[in-house]
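Comments concern the structure below.
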Amino acid sequence: MPILQINNLTKNFATQKAVNNISLNIEKGQIFGLLGPNGAGKTTLIRMITGIFYPDQGEIIFDGKPFDPINDIAYIGYMPEERGLYKKMKIGEQALYLAQLKGLSKADATAKIKEWFNRFDMQSWWNKKVEDLSKGMSQKLQFVTTVLHNPKLIILDEPFSGLDPVNANLIRDEIYRMAKEGATIIFSTHRMEQVEEICDHIVLVNKGEKILDGTVNQVKQEFKENLFKVTFNNELLAEHLAIHLFEVKEKKNNSIILQRNEGFSNNDIIQYFINKGLSIESFNEILPSLNQIFIKLVEGTPTARQFNN
């Protein structure tokens, strides 16, 4: 059973449809990428999932039951892109206050905060104020306050913003660990390389509508363009490449990037090179990056694509 089911969700503001009839399922333990350009409707969708906004139409099913914002919010951790820390408050007291708002007792909250502070090397921060922290340090604190009550669903909006590579890896590893232990993570970002690395499944929204829904591998396979990089053990000559099987996109001394023409197979190309006396060192397909797919879909006017496992 999915941890979250969104059925035909719609939200309007004045004359603007911020979210238009979006449906999607998010499975338990999944790291789910919610993608889209600025103004696509991602934040509005997240705010409905967290009970900040009520939908005009549609329904949200959380853990098998209709979503109840008052009671279910205790099982959700939300880290918004606009950070929500009290600048004048001491860090330890703030973490304790936010944990108790999520239903933890003072003793449990203190124990969990100390555990997380030790894990993130934040032990000396307890009596510092948020205004004294760098952006990266504030980011680590915001992450800790989002997850320390062990929520079933964790929503992270640009969680790596302002982090150096070491701390970005630290948070990435915690995301993997929490997913492995059964938490579900919705991960929203503009950085497609992070999505490729971290996410199991992605949804792309644009202008309030879902235009893509599938696993990362399914999406990349769908948009591949029959591009291959071939490396040889001997030097290529122009005469080797004058053939109707493929078009050469890039050439170096002993390698090419080619696009296979319709109606021909990889074996046809490999056999052709062998017949020409060429020794192939490697033959690898080049799949598009999510960044390339993102730009292609957002700049065009695509129809929705849904992939079923």
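How would you rank Val203, Val216, going from fewest to most other Cβ atoms within 10 Å of each one's own Cβ?
Val216, Val203
For a 28 Å ceiling on Cα separation, which of these pairs sit above it: Lys102/Lys135; Lys28/Lys220; Lys11/Lys90; Lys42/Lys102? Please report the intermediate quantities before stating the final value.
Values: Lys102/Lys135 25 Å; Lys28/Lys220 23 Å; Lys11/Lys90 38 Å; Lys42/Lys102 24 Å.
Check vs 28 Å cut-off fails for Lys11/Lys90.
How would Ser255, Ser265 line up from fewest to most surrounding beta-carbon atoms within 10 angstrom?
Values: Ser255 14, Ser265 10.
Final ranking by Cβ density, sparse to dense: Ser265, Ser255.
Once you list every other residue whose beta carbon is under 15 Å from the beta carbon of Ile52, what net charge do they have if Lys and Arg are +1 and Asp and Glu are -1?
Working: positive: Lys11, Lys42, Arg47; negative: Asp56, Asp68, Asp72, Glu81, Glu82, Asp157.
Around Ile52, the surrounding residues sum to -3.
Mind checking which aspartates and glutamates have their C-alpha under 14 Å from Lys180, skipping anything on the same chain fewer than 8 residues away?
Glu27, Asp200
Over the Cα atoms of the range 235-295, what Rg and Dmax result, in angstrom?
Computed over the Cα atoms of the range 235-295, radius of gyration and Dmax are 12.9, 41 Å.
Taking the highest mean first, how do the peptides 193-202, 123-132 order by number of other beta carbon atoms within 10 angstrom per residue?
Put in order of decreasing packing, that is 193-202, 123-132.
Using a cut-off of 11 Å between beta-carbons, work out the net charge of the residues near Lys129 (Lys and Arg +1, Asp and Glu -1, Lys129 not included). Don't skip to the end; give the middle numbers.
Details: positive: Lys87, Lys88, Lys90, Lys128; negative: Glu93, Glu131, Asp132.
Computed value for this residue: +1.
Report the charge-dipole magnitude of the range 164-309 in Debye, nearest 20, computed about the Cα centre from +1 at each Lys and Arg Cβ and -1 at each Asp and Glu Cβ. Don't skip to the end; give the middle numbers.
On the way: 16 positive and 21 negative charges, 34 e Å.
In total the dipole reaches around 160 debye.
Quick one: of Lys65/Lys296; Lys210/Lys252; Lys229/Lys276, which pairs are farther than 29 Å apart, Cα to Cα?
Numbers: Lys65/Lys296 37 Å; Lys210/Lys252 41 Å; Lys229/Lys276 18 Å.
Result: Lys65/Lys296; Lys210/Lys252 exceed 29 Å.
Using θ = phi - 60° and the Karplus relation 6.51 cos²θ - 1.76 cosθ + 1.60, list the HN-Hα couplings for the range 37-45 in order, rounded to whole Hz, with x at every Gly or Pro.
Here the 3J(HN,Hα) series is x, 4, x, 6, x, 4, 5, 4, 4 Hz.
With +1 on each Lys and Arg Cβ and -1 on each Asp and Glu Cβ, how big is the dipole of the range 1-147 about its Cα centre, in debye rounded to the nearest 20?
500
Given the options Ala238, Ile49, Gln271, identify the residue whose Cα lies farthest towards the positive end of the charge dipole of the chain (+1 on Cβ of Lys, Arg; -1 on Cβ of Asp, Glu).
Ile49
Please list, by residue number, every one of the trypsin sites (Lys or Arg not before Pro) in the range 3-74 that is coil in DSSP and has at most 16 other beta-carbon atoms within 10 Å. Show your work: numbers first, answer last.
Numbers: sites: Lys11, Lys17, Lys28, Lys42, Arg47; in loops: Lys28.
When the trypsin sites (Lys or Arg not before Pro) of the range 3-74 are filtered for loop state and at most 16 Cβ neighbours within 10 Å, Lys28 remain.
Given Cα pairs under 8 Å that are at least 6 residues apart, what percent is the relative contact order of the chain? Provide the component values of the computation, followed by the final result.
Values: 534 pairs, mean separation 61.4, N = 309.
Value for the chain: 20 percent.
Which three extents, in angstrom, do the Cα atoms of the chain have along their principal axes, listed largest first?
Taking max minus min along each principal axis of the Cα atoms, the chain gives 76, 47, 34 Å.
Can you give me the angle between helix 91-101 and the longest principal axis of the chain, using Cα atoms only, in degrees from 0 to 90, rounded to the nearest 10?
That helix lies at roughly 80 degrees to the long axis.
If you plug each phi of the range 165-180 into the Karplus form 6.51 cos²θ - 1.76 cosθ + 1.60 with θ = phi - 60°, what whole-Hz ³J(HN,Hα) values come out, in order, with x for Gly and Pro?
In residue order, the calculated couplings are x, 5, 6, 4, 5, 4, 5, 4, 5, 5, 4, 4, 5, 5, 5, 4 Hz.
Tally Lys and Arg at +1 and Asp and Glu at -1 over the other residues with C-beta under 10 Å from the C-beta of Gln194: what net charge comes out? Don't skip to the answer; put the middle values down first.
Working: positive: Arg172, Arg191; negative: Glu158, Glu193, Glu196, Glu197.
Local net charge: -2.
Count the DSSP beta bridges whose two residues both fall in the chain, then state the antiparallel fraction as a percent rounded to the nearest 5. Show your work: numbers first, answer last.
On the way: 37 of 56 bridges.
If we restrict to bridges inside the chain, about 65 percent are antiparallel.
Order by neighbour count: Met178, Met89, fewest other Cβ atoms within 10 Å first, most last. Mind showing how you got there, number by number?
Values: Met178 19, Met89 14.
The most exposed by this proxy come first: Met89, Met178.
Quick one: which residues, 5+ away or cross-chain, put their amide H under 5 Å from the amide H of Leu4? H built at 1.01 Å from N.
Counting only residues 5 or more places away or on other chains, the set is Ile26, Asp63.
Every read-out reported here was derived from the displayed coordinates using simple, explicitly stated rules and does not represent laboratory data. The shown structure was predicted, so the numbers you read here are calculated from the model rather than taken from an experiment. Glycine also receives a Cβ, built like all others from the backbone with ideal geometry; neighbour counts cover every protein chain displayed.
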